[in-house]
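The values are calculated or read from the model by the stated rules, or taken from the named source; none is laboratory data. Quick caveat: nothing in here was measured; it's all calculated off a predicted structure. Glycine gets a Cβ as well: all are built from the backbone with ideal geometry, and neighbour counts include every protein chain shown. Side chains are part of the model used for accessible areas, which takes the heavy atoms of the whole protein and leaves out ligands, DNA and RNA. Shrake-Rupley method; radii C 1.70, N 1.55, O 1.52, S 1.80 Å.
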Amino acid sequence: MMLRKSVFQASLTAFALLSFSLLAFQPAAALTKDGHNVPKGVEMASDRGRVDPNQEFNLTVVLKLHNEAEFDTVVEDLYDPKSSSYHHWLTERDLEKYAPTAAEFETVKKELVSHGYSVISSDPQRFSIRVHGTAGITEEAFQTELHTFSHNGKVFQAHIRDAQLTGEAGKLVDSVAGLERHQVRPLITVATNPRTGKPLFKKVVTKADLGSTLLSSITGTALSPAAEFTYPTPGSALPIGIFYGNVYDINPSLAVSYTPAQLQKHYGLTPLISKGYDGSGQTIALVEAYGYAAAESDANAAASVFKLPALNSSNFSVIYPEGKPLNPNAADLTGWTVEIALDIQSSHGIAPGAKILVVASAGQDNEDQIASLQYIISHKLANTVSNSWENDDEIIAGPAEENAFNSVLKLGAAAGISFQFSSGDSGDLGLGTPVGAVGVPSNSPWATAVGGTSILNNPYGSNDIVAGWGNNVSYVNEFGVVDPPFGFFLGGAGGGESQYFSKPSWQHALPGTGRQVPDVSALADPYTGFPIVFTSSGVQYAEGGWGGTSLASPIFTAIWAIADQYNGAPLGHAGAAVPKLKTGQITDVLPTSSLNTTDPTGSIVDSSGATFYSATGLFAGLLYTQTQFPSAIWNLDSEDAAVLSFGTDSSLTVTPGWDNVTGYGEPNGLPFIQGVTGKTTGAPLVKAK
C-alpha cells in the first residue's frame, strides 16, 4: 500500500517537472510585457471544453491608476524609515490623485452595463467595480472564449484569447478577476497515520468532558530520549532491523500539540501579555469562505479549556460581504469548517485581547476572496489580516488574476494594512530550486508570505528546537522489517522565487531577480501541531495535530496585532519591515540540530550480513540538500514502525539567514516588537470598555 503511494508521489513529481519545463525558463517579460494576458497554464492543462454560456458569476474589474509609477514610489516611501512620509498612511484624499476619474469610471461602468452586466458594488475611490453576468456576456464583452481546464487533478476556468473590454473603456481597464476561476483552498493539514490516512487523534466530545478529553489527549513532548528497537521483535527470523535513536510521540494515544500558553511562551509573548500587550484595541480579520454557525461556540469551548477570555459580541463577529452562502453546510462539504475553527482559535490563543472578525465569502472562487479583501480596505475593518488559503501556484494563474490581487493588496499597504498569506503546504510541488512552488497571492510583493516551522522539545535540554517545516517518513517495519527502508514526503512549507513579480526594494539583498517567498514563519508542522474544537454535521469534535501554513498565518497575524498595539498605530505591511530587523529581533531557523548524535541509525541483518543505515541514509532518495535535521523513531502501531524527519522540505532548503522555507525566521517576542516599532516603550494601555 505504501509503495503504491510512493510511486504515485514520484509520478506526480515527474509530471510536475515536465509541465513546469514549458514555463520555468520563460522570462518574466513573457507574462508582463508582451501585451498578452492568456494564462500560460492553459498550454499545459487539458481543455475540457467551452464554459456553458448561461453560467452565472461575478467579475471584479480593476481600473488603471493615474501616475502609477509615482504611486508605487509613494507607497514604497511609506515603508522607508528614511522617508519623511514613513508610516504616514494614505488617506482617501491622498488617493484621489491616483484614482480613475469619475468620467473614466462611468465609461467603464456604462460599457459593462451595455453588455448586460448588473453592478453589484464599486470601490468608493473608483479603483474597481464588481459586476454580475453570464459566461456568454463575458465572452462578448471581453472578446474572448472561456474554457474549463484540468491540471494535476484541479479544475479551473480561463480565457483562451487575450481578453480586453470592448470600446474606449478597454483602455481604462488594468486587470479583471473572474475571467480565470480557481477554487481557493484552505492550506490546512492534520497529523495522520500514513498507512490509514486517519487522524492520530479525533474524538467526539460532550460539554461535560470536553476539557478532560482534550487536555488528556495532547502532549507537548514530541521527542523522548533515544532508545533501541528491534523489528519485528527480538529473536525473530531474519531479516531483522535494529534501530537506535530519539523516539517520536512515545505515547501514541496522545497527539503532539501545543497549547496557546505554550506557544505564547515559545514566541516570547508571555511577559508582554501579562502586562496587557495582548492585542487589545486591535482587530484581526480572517478571510474565509462560507462561515459556519458553531464557530463562536466551538472557540469558546476551546477558550474554556485553555483559560482564555470568552468570545462575545464585543470581541467577535462574522460578516458576509456577499450575503450568506445558499447552502448552510457548504463549509462542512469543502473543508472550510476546520480551517475557520483553526484560524479563530489560534489567533485568539496568541492575542487573547484582540477582536476577531471573520470575513466570510459566499463562495470560494478567487474573485470572491478578492472581493473580501477589497471590502476590508474600503470599510477600514482591520489593520492586520490573515489569509490561510491559496488561489493556485503561479504556473497556472495568469496576469489578469495576479495583477488583480496585487492591485488590491497594494492599496491595502498604502492604507497601512498588513495582509498575511500562507505560503503553501506541499513544498516545491516537484518543481525544484531555485523556483519552488510560489502560490498566488502570497507571491505578491504587497502580501506578507508566512512559511512554516516545526517546534520540538529537546529531550536533553530546556530550549525548544525549531526546524523548517518539512516531514518525510521512512518505513523500517511494515508487517515485518523493510529492507531497504522506503518512504515518501508527507508535506512541508511552500516557497521559492516568483517568475511573475520582481523583487521589491526590501528584498534587494536576496538572491535571484523575482519576489522571494516566504518573508517570515511560524508553527505549521501538524506533527507538532495545534489542538482545536470544531463542529461538523452537528457533531462536536476535539482534535489535536492540526497544522499547515494555515496555522502559521494566523499565529503571525496575531503577533502583528500585538505589535500594532505596542506601537499605538498601524505598522502596515509586515513583509517590508521584517528584512530590516537585527540579530536577536528575529530568530533565524538554522539547518543544524543539537540531536544529530541521537538521530536514528540502524542495521538490517539478513542472510547476507548486516547493512548499516545512517540518519540520512534512512531517507535515501528522499532528501535533496538538507543533511542536518532532527528525526525520531515512530512506532505507528503494533505492525508498523517508521522514522519521521523534521526540516526536510523537498528541494526547498533551510539555510542561515533568509531561506525559502522559513523566510527570515520566527518572531522573537519583545525584541521583535521593539525592532519593527522602533520603540523601547509600548504605547499606553487602553482599558477595555
Revision key, fill the gap. Scanning the range 212-265 for residues that are within 26 Å of the chain's Cα centre (by Cα) and open to solvent by 40 Å² or more (accessible area, probe 1.4 Å) gives T221, A261, Q262, K265
Point to revise | Matching residues, the range 127-140, being open to solvent by less than 30 Å² (accessible area, probe 1.4 Å) and more than 13 Å from F57 (Cβ to Cβ) | key: F127, S128, I129
Check your understanding: Which pairs do you get when a residue that is under 20 Å from L652 (Cα atoms), found in the range 578-590, comes within reach of a residue that is among the charged types (D, E, K, R), reach meaning Cβ atoms under 7 angstrom, with the pair 6+ apart or on two chains?
Key -> T587/E666; V589/E666
Review point. Considering only the range 567-598, how many residues are buried (at least 24 other Cβ atoms within 10 Å of the Cβ) and not hydrophobic (A, V, I, L, M, F, W, C)?
Key: 3
Review point. Across the range 266-294, what is the number of residues that are open to solvent by less than 10 Å² (accessible area, probe 1.4 Å), of a type in the set (S, T, Y) and either on the phi > 0 side of the Ramachandran plot or without any contact (Cβ under 8 Å) to a residue 60 or more places away in the chain (or both)?
Key: 0
Revision key, fill the gap. When every residue in the range 367-411 that is among the small types (G, A, S) and under 16 Å from the mean Cα position of the chain (by Cα) is compared, the one nearest to A563 (Cα to Cα) is S386
Review point. Of S650, S645, which residue is in contact with a Ser or Thr (Cβ under 7 Å, 6 or more places away or on another chain) and touching a residue at least 12 places away in the same chain (Cβ under 8 Å)?
Key: S645
Exercise for review: State whether one or more residues within the range 381-404 are more than 16 Å from A293 (Cβ to Cβ), open to solvent by 10 Å² or more (accessible area, probe 1.4 Å) and aromatic (F, W, Y).
Suggested key: no
Check your understanding: If only one of V643, V661 is in contact with a helix residue (DSSP H, G or I) (Cβ under 6 Å, 6 or more places away or on another chain) and of a type in the set (A, V, I, L, M, F, W, C), which one is it?
Key -> V643
Check your understanding: Which ranges mark the strands (runs of 3 or more DSSP E) fully within the range 476-522 that have 3 or more residues being of a type in the set (A, V, I, L, M, F, W, C)?
Key -> 481-492
Practice item. Kindly establish whether D640 is open to solvent by less than 30 Å² (accessible area, probe 1.4 Å) and either among the β-branched types (V, I, T) or at pLDDT below 95 (or both). Key: yes
Review point. Which residues, taken from the range 352-377, are within 20 Å of P570 (Cβ to Cβ), open to solvent by 30 Å² or more (accessible area, probe 1.4 Å) and touching a Pro at 6+ places or on another chain (Cβ under 8 Å)?
Key: Y375
**Study point:** Condition met for P124 (part of a loop (DSSP other than H, G, I, E, B), touching a residue at least 40 places away in the same chain (Cβ under 8 Å) and open to solvent by 50 Å² or more (accessible area, probe 1.4 Å))
**Key:** yes
Exercise for review: Starting from residues that are in a helix (DSSP H, G or I) and under 26 Å from L112 (Cα atoms), keep the ones in the range 60-92 and report whichever is most open to solvent (accessible area, probe 1.4 Å).
Suggested key: E92
